[in-house]
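Undergrad: So that we are looking at the same thing, I have put the structure below in structure tokens.
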Amino acid sequence: MKCFIALLAWCIFFIVSNLLINLTNRLNLSLFISTSTISNVLSVVTLITIFILFGALLASPHLIKQYRIYGDWKLHLSKFIWLGISPVLLLLVLDMIKNEINAQILVEFDIYPLSILLLVICGYYSSQCLYKE
């Protein structure tokens with residue numbers, strides 16, 4: 001049963017991420033209304049959501065185990081702040097100073113792979129900090 005729920009969650013994740021990416025691409029090709037700002041925001045939000053949900057799916061065994069325990073949901077706040085939110089803040093800071101780093105080291109520094117890793121870590125630890133008492 002546990003494997004079936006995990007497989008179902010992965011299938012739903014891939015279907016939803018595919019639908020979101022297709023929706024973003026369709027808004028870029030709209031002929032009737034100008035959607036350039038909407039599509040830019042939607043494309044960024046779509047990718048961030050997909051990577052955070054991917055990290056949450058990696059932590060799905062923990063969530064399934066906690067779901068079966070009787071009690072109230074609690075949030076381990078310090079773990080959520082340090083391991084759930086701080087990677088996203090680090091990503092924002094790196095993105096803001098990326099141009100200055102590139103000017104100093106004279107080599108193009110690509111932040112995209114690091115941003116994927118930090119967003120997956122954010123989703124993983126954000127769902128790991130939920131527990132029942």
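Undergrad: State whether one or more residues within the range 62-78 are in contact with a Cys (Cβ under 6 Å, 6 or more places away or on another chain) and either assigned to a helix (DSSP H, G or I) or over 25 Å from Phe13 (Cα atoms) (or both).
TA: The answer is yes; a qualifying residue exists.
Undergrad: Could you please give the count of residues in the range 99-113 that are assigned to a helix (DSSP H, G or I) and at pLDDT below 75?
TA: Summing the residues that are assigned to a helix (DSSP H, G or I) and at pLDDT below 75 in the range 99-113 gives 7.
Undergrad: Do we find a residue being at pLDDT 75 or above and closer than 24 Å to Cys122 by Cα anywhere in the range 17-39?
TA: no
Undergrad: Next question. Would you mind stating whether Ile116 is assigned to a helix (DSSP H, G or I) and within 24 Å of Phe14 (Cβ to Cβ)?
TA: yes
Undergrad: When Leu47 is evaluated against the numbered criteria (1) at pLDDT 75 or above; (2) more than 25 Å from Leu89 (Cβ to Cβ), which criterion, by number, is the only one it fails?
TA: Result: Leu47 fails condition (2) only.
Undergrad: On to the next question. What about Asp110, is it in contact (Cβ under 8 Å) with a residue 60 or more places away in the chain and more than 27 Å from Cys3 (Cβ to Cβ)?
TA: No; evaluated as a whole, the condition is false for this residue.
Undergrad: Follow-up question, since we're still on this one. Would you be able to say whether some residue in the range 52-61 is of a type outside the set (Val, Ile, Thr) and more than 22 Å from Ala6 (Cα to Cα)?
TA: Among the residues of the range 52-61, not one is of a type outside the set (Val, Ile, Thr) and more than 22 Å from Ala6 (Cα to Cα), which makes the answer no.
The values are calculated or read from the model by the stated rules, or taken from the named source; none is laboratory data. All figures in this text were calculated on a predicted structure; none of them were measured in a lab. Cβ: placed from backbone, ideal geometry, glycine included. Neighbour counts: every protein chain shown.
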